[in-house]
Structures are given as C-alpha cells and as structure tokens.
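Notes to accompany the following structure.
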Amino acid sequence: MLDAEACYRALVARDPRFDGHFFVGVTTTGVYCRPVCRAKTPGFARCQFFLRGAEAEKAGFRACFRCRPEIAPG
C-alpha cells in the first residue's frame, strides 16, 4: 500500500531514491510519470499513485514523453 503523502513529498523533492518504486498519474493530463520527472509538479489533488507503470496504464494513463516511465529502473 502506498502512502500518498509520502509519495507526494518524494515527487516534490524529485528524490532519485524513489525512482522505479512508484509512479504518479496526473488526472488533468492523463499522463503518468516517474517521481524524478522534470515536468511541472502537479498539485496533490491531481495525483494518483501506483506501484507499477502497468497499473497506471490500466487506469487509463499514458506514459510521459519526458521521463519515459515505461523504461524506469526496477
């Protein structure tokens, strides 16, 4: 189970220790990213967190062209 607040803190910090450990789907854009993505950080209310990229895709999100989450480590 993911702690959404902890994931969001890692996302805001772009903490590389979490790269490949979770993915974030942005509801307003329909895109999912790695926590190290250099795109503008979305607001907390617009984020959904997933353990795997495949889960984000199943939920209807597409991979970010900037951070390429489908090839994330792990």
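The values are calculated or read from the model by the stated rules, or taken from the named source; none is laboratory data. None of these values were measured; they are calculated from a predicted model. In this analysis, Cβ positions are derived from the backbone assuming ideal geometry, glycine residues included, and neighbour counts consider all displayed protein chains. Keep in mind that these areas ignore ligands, DNA and RNA; they rest on the heavy atoms of the full protein, side chains included. Shrake-Rupley method; radii C 1.70, N 1.55, O 1.52, S 1.80 Å.
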Of all residues in the range 28-57, which are open to solvent by 20 Å² or more (accessible area, probe 1.4 Å), of a type in the set (Ser, Thr, Tyr) and within 11 Å of the chain's Cα centre (by Cα)?
THR41
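Taking the range 1-49 only, how many residues are over 16 Å from ARG62 (Cβ atoms) and in a strand (DSSP E or B)?
So the answer is 3.
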What pairs come up if the first residue lies in the range 14-28 and is over 14 Å from ALA39 (Cβ atoms), the second is open to solvent by 30 Å² or more (accessible area, probe 1.4 Å) and assigned to a helix (DSSP H, G or I), and their beta carbons are under 6 Å apart, counting only those six or more places apart or on different chains?
THR27/ARG46
Scan the range 20-30 residue by residue and report those that are modelled with pLDDT of 95 or more and in contact with a Pro (Cβ under 6 Å, 6 or more places away or on another chain).
PHE23, VAL26
